[in-house]
Amino acid sequence: MTNAAQDLGLGLIPAAPEGFRSGFVGIIGRPNVGKSTLMNQLIGQKIAIVSPVPQTTRNRLQGILTTDTAQIIFVDTPGIHKPHHKLGEVLVKNAQSAIGAVDVVLFVVDGTEVAGGGDRFIAELLVNVQTPIILGINKIDLRTGLSRSQLDAIDASYLELAQTHNWQVVNFSAVAETGLDRLQASLSENLDLGPYYYPPELVTDQPERFIMGELIREQIILLTREELPHSVAVTIDRVQEDAKITRVLATIYVERDSQKGIAIGKSGQMLKQIGSNAREQMQKLIAGKVYLELFVKVQPKWRQSGLRLAELGYRVEE
């Protein structure tokens with residue numbers, strides 16, 4: 001891990017001070033409970049897609065939070081759900097494998113709903129996990145309009161879940177940024193004494209190309225909503241850095257000609273809007289000007305093909 005971080009060209013990793021804690025925290029939960037928003041807020045920078053559309057996280061994305069006393073490496077996983085195609089199977093397997101490969105598991109749930117079958121399914125996956133597990137109840141800022149009986153039912157359902165498995169519970173809102181200090185402290189306390197795994201200035205182990213592709217895919221999801229999201233993949237084909245501007249060439253892959261028409265839009269307006277919005281986000285990422293050129297290609301049934309998934313960057317992670 002140390003060598004991989006040093007290969008990123010960010011310099012030597014310093015020696016950790018006495019009492020320093022470090023380790024990996026797996027963020028798991030059902031789709032759309034706010035896992036990516038939470039990680040972005042904790043590390044203080046946007047590196048993961050945030051969308052109202054469920055099942056938009058596809059890769060195990062590591063975000064890195066370094067404080068004076070700890071380094072927490074967050075592993076943001078795809079939402080655990082019943083898969084309906086080969087891509088879904090890959091995503092769920094990757095999420096499940098992350099559970100056994102971290103030092104602490106943060107199980108995030110939606111604090112505006114009672115614990116459901118999906119939450120209990122995930123709880124069953126955690127029964128034999130030996131690492132500490134924290135039940136994180138998110139979206140508490142949205143509970144103000146609920147009745148007392150609704151709140152009591154929600155709290156009772158999660159209290160039962162936590163007590164059954166002897167889990168610590170932390171309430172918070174990722175969007176409103178309330179309760180995050182307590183959550184961060186709880187995560188740090190559950191980590192062992194350890195070194196810096198990455199240079200303190202690093203916020204993710206993913207290359208800029210990956211983040212750029214995700215920023216494009218996010219805009220497709222936000223602008224097309226239910227028409228395209230899960231049928232879309234993005235590749236960054238070329239990045240050319242000049243003195244005054246970074247030129248990015250990217251391809252959007254869809255499964256059908258009709259979807260290509262949606263992505264391009266009337267007179268190319270949808271593609272233009274996707275590119276404009278994504279370019280703004282990229283410029284924040286690299287702190288400089290970006291020229292973005294997008295193409296749309298049809299790749300039939302790419303979500304059903306293990307070979308096509310691998311070509312587009314989706315592999316089962318060991």
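The values are calculated or read from the model by the stated rules, or taken from the named source; none is laboratory data. Because the structure is a prediction, the values reported are computed rather than measured. Here Cβ is always computed from backbone atoms with ideal geometry, including for glycine, and neighbour counts include all displayed protein chains. Accessible surface is based on the protein model in full, side chains and every heavy atom, while ligands, DNA and RNA are left aside. Shrake-Rupley method; radii C 1.70, N 1.55, O 1.52, S 1.80 Å.
Structure data summary
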quantity	calculated
Test: residue in the stretch 38-48 that is charged (D, E, K, R) and modelled with pLDDT of 85 or more	no
For residue 196: the one exception among (1) in a helix (DSSP H, G or I); (2) open to solvent by 20 Å² or more (accessible area, probe 1.4 Å); (3) more than 30 Å from residue 298 (Cα to Cα)	(1)
The stretch 49-63, residues that are surrounded by fewer than 24 Cβ atoms within 10 Å (Cβ to Cβ) and modelled with pLDDT of 70 or more	62
Sole residue being touching a strand residue (DSSP E or B) at 6+ places or on another chain (Cβ under 8 Å), touching a residue at least 40 places away in the same chain (Cβ under 8 Å) and either of a type in the set (Lys, Arg) or over 18 Å from residue 106 (Cβ atoms) (or both), chosen from 222, 202	202
Residue in the stretch 268-277 that is within 19 Å of the chain's Cα centre (by Cα) and either in a helix (DSSP H, G or I) or β-branched (Val, Ile, Thr) (or both) present	no
Selected residue (criterion: modelled with the highest pLDDT) from residues of the stretch 110-131 that are closer than 16 Å to residue 164 by Cβ and open to solvent by 40 Å² or more (accessible area, probe 1.4 Å)	114
Any hit, the stretch 274-294, residues being surrounded by fewer than 19 Cβ atoms within 10 Å (Cβ to Cβ), farther than 29 Å from residue 204 by Cα and in contact (Cβ under 8 Å) with a residue 60 or more places away in the chain	no
Matching residues, the stretch 146-179, being of a type in the set (Asp, Glu) and either exposed (fewer than 14 other Cβ atoms within 10 Å of the Cβ) or not assigned by the TED database to the domain that holds residue 136 (or both)	152, 160, 177
Subset of the stretch 229-262 [in contact with a helix residue (DSSP H, G or I) (Cβ under 6 Å, 6 or more places away or on another chain), polar (S, T, N, Q) and open to solvent by 30 Å² or more (accessible area, probe 1.4 Å)]	none
